[in-house]
Amino acid sequence: MSEEVKNEVKESKTQKNSSSRSGVYETVMNSDMILQNIIASNEIIELLEKRNLTLEKVQKTKELCNLVVELNKKQKKEYGEKLTAHDNYEEIKSKVKTKYQELKTLAKMVFKNDETRKNSLGITNALKNSFGSFIEQITLFTENSLNDPEAMTKLAEVAVTEEEIKTFQQMIKNLVVAKIDADNQSAEYSTTTKERNEYLKELQKEMKQITTIATLTLKDQPLLMKKLGL
């Protein structure tokens, strides 16, 4: 998949998630407006209580609504953190791959007739797809290079130094840290989204009951209906 296509897919997903959060926000804000206006009106409460829709029940639903609002804010914040962590991981991964390909090409050049060292450094293998296997592959190259004085002497012929390989090792460590951070941010976002959706579903159920009772009870009170946006 080309970078252009990847960016289009990413942008599409971002827009979809943004639209979803916007829809939740509008739903919750509309519910909040209805609940606040019910609580603020003794006249409406008195009428609704005739159908056993009490002030206490409305207030509990308002508390539930407040919880969904806070979870939606938290989810929005974590979504941004998730994107930042993912972008950081992808940027570091790209640099690590580029550097490895450079070192691998140079190593192939100096060890073109040395099958033992080519196998020891793993430079005859294609890049591994899974993250864990890729890390093992490039770690093998750095560790076996540094632990082989003769190999380092040969690599020095193309100006590959011990310092350069150690710097690459640090890049690998940074990549692992970035991957862990990206995974953690993604997990936190998923957990909050699941929690928010569960409470949102409960809120929608309660609001359906409240608006149904309010619509039936206030059908002859157009001004009160308008006040609730029904």
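Values quoted throughout were computed directly from the atomic coordinates according to the rules given, and no laboratory measurement underlies them. Predicted model, so just to flag it, every value in this text is computed and none were measured. Ideal geometry is used to build each Cβ from the backbone, glycine not excepted, and the neighbour counts take in all protein chains shown.
Summary of values
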item	result
GNM top mover of Glu157, Glu81, Glu90 - the chain, alpha-carbon springs below 10 Å	Glu157
Taking Met171, Met207, Met33 and counting other C-beta atoms within 10 Å, the order from fewest to most	Met33, Met171, Met207
Stokes-Einstein translational diffusion, segment 122-166 - Kirkwood Rh over all Cα pairs, 1.306 mPa s, 10 °C, in µm²/s	141
Cα pair count fraction exceeding 15 Å, expressed as % - segment 98-152	41
Under 13 Å from the Cα of Lys74 - aspartates and glutamates, other chains or at least 8 residues apart	Glu188, Glu195
For segment 142-230, convex hull of alpha carbons as volume per residue, Å³	125
Two-site FRET efficiency, Leu106 against Val177, from Cβ-Cβ distance with R₀ of 25 Å, rounded to 0.05	0.40
Cα centroid of segment 56-100 to Cα centroid of segment 114-135, whole Å	36
The chain - mean residue ellipticity at 222 nm from DSSP helices (-39,500 (n - 2.57) per run, n ≥ 4, rounded to 500)	-29500 deg cm²/dmol
All lysines inside 23 Å of Lys227 as judged from Cα atoms, apart from same-chain residues fewer than 8 positions distant	Lys50, Lys57, Lys60, Lys62, Lys205, Lys208, Lys219
J(HN,Hα) series, segment 103-108, from Karplus relation 6.51 cos²θ - 1.76 cosθ + 1.60, nearest Hz, glycine and proline x	5, 5, 4, 5, 5, 4
Cα-Cα P(r), segment 88-206, percent of pairs per 5 Å interval	2, 10, 19, 18, 13, 9, 6, 5, 4, 4, 3, 3, 2, 1, 0, 0
The chain, relative contact order [Cα under 8 Å, separation at least 6], %	29
Per-residue ³J(HN,Hα) for segment 134-142, Karplus 6.51 cos²θ - 1.76 cosθ + 1.60, θ = phi - 60°, Hz, x for Gly and Pro	5, 4, 4, 4, 6, 5, 4, 4, 5
The chain - Rg over Rh from alpha carbon coordinates, Kirkwood radius	1.33
In Hz, Karplus ³J(HN,Hα) per residue of segment 82-96 (6.51, -1.76, 1.60; θ = phi - 60°; x = Gly, Pro)	5, 5, 4, 5, 5, 5, 5, 4, 5, 5, 5, 4, 5, 5, 5
Coarse-grained scattering of segment 170-221 at q = 0.21 Å⁻¹, given as base-10 log I(q)/I(0) from a Debye sum over alpha-carbon atoms	-0.79
